[in-house]
């Protein structure tokens, strides 16, 4: 059987952020509904793991940025245990990107800038939703939306102190390309001080 490698050490950019950007631009161009969706796995300090979908809001050589309520389950877990992982799964192109590393809070200025870019109703929602908390019913949430809508009816909505961004600083990035007969191509970048070690993994 002839084996045709779709992804190789010679075709992957030696900079994983450039490689991610190339794939991500293709994703944004081809998918209209939540092209920025990514699974985020976190863990409490005693090892209880949770995973959920968040939206990637920015990326650079510094890392991958998303926003949340710092008091939510993911926010609390990331405060207890700063190690986290992301998984981008793009079935239309047969690709995955796995990222492992640690998180840091972004600056309040950066959180403020993103907060200001959101629709006003979403800004109100950051105050109304006590994310991950048990609430008695839907009316409780709707009443809080009305309360904060009235509170900020004649002025701009303030950035809540409990809301902002995290940046996942990668220590490992894996690019996965689907292959025939489950002979997938997996190229891994592992951070070694100021450079990246590039290795092929068995499928």
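Read the figures in this text as sums done on the coordinates, not as results from a lab. Here the structure is a predicted model, which is why all the values come from computation and not from measurement. With ideal geometry, Cβ positions are generated from the backbone for all residues, glycine too; neighbour counts draw on all protein chains shown.
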* Asked: Taking Cα pairs under 8 Å and at least six residues apart, what relative contact order does the chain come out at, in percent?
  -> 24
* Per-residue [θ]222 nm for the chain (sum of -39500 (n - 2.57) over DSSP H runs n ≥ 4, rounded to 500) -> -8500 deg cm²/dmol
* Asked: What FRET efficiency comes out for the pair residue 145/residue 36, r = Cβ-Cβ distance, R0 = 25 Å, nearest 0.05?
  -> 0.50
* Structure fact -> Output for segment 68-138 (equivalent-ellipsoid semi-axes, sqrt of 5λ from the C-alpha gyration tensor, Å, descending) is 25, 17, 17
* GNM flexibility winner over the chain from 11, 82, 68 (Cα, springs under 10 Å) -> 11
* Span from the segment 34-79 Cα centroid across to the segment 168-187 one, whole angstrom -> 20
* **Contour excess over end-to-end distance, with Cα ends at residue 102 and residue 181 and 0.36 nm allotted per residue** => 25.0 nm
* Structure fact -> Across 116, 52, 182, the residue with the highest GNM fluctuation in the chain (Cα network, 10 Å cutoff) is 182
* Would you kindly give the portion of the calculated P(r) for segment 46-203 that falls above 24 Å, as a percent of all Cα pairs? => 48
* Asked: Where is the GNM fluctuation largest for the chain (alpha-carbon springs, 10 angstrom cutoff): 128, 29, 85?
  -> 29
* To do: Pull out a ≥ b ≥ c, the square roots of the eigenvalues of the alpha-carbon gyration tensor of segment 149-203, then state rounded if a/c is under 1.5, prolate if not and a/b is larger than b/c, and oblate in the remaining case.
  => oblate
* Longest to shortest principal axis, alpha-carbon extents of segment 57-98, angstrom -> 36, 21, 17
* Work out, step by step, the length gained on full extension between residue 172 and residue 120: first 0.36 nm times the residue separation, then minus their alpha carbon distance; give nm to one decimal. => 15.0 nm
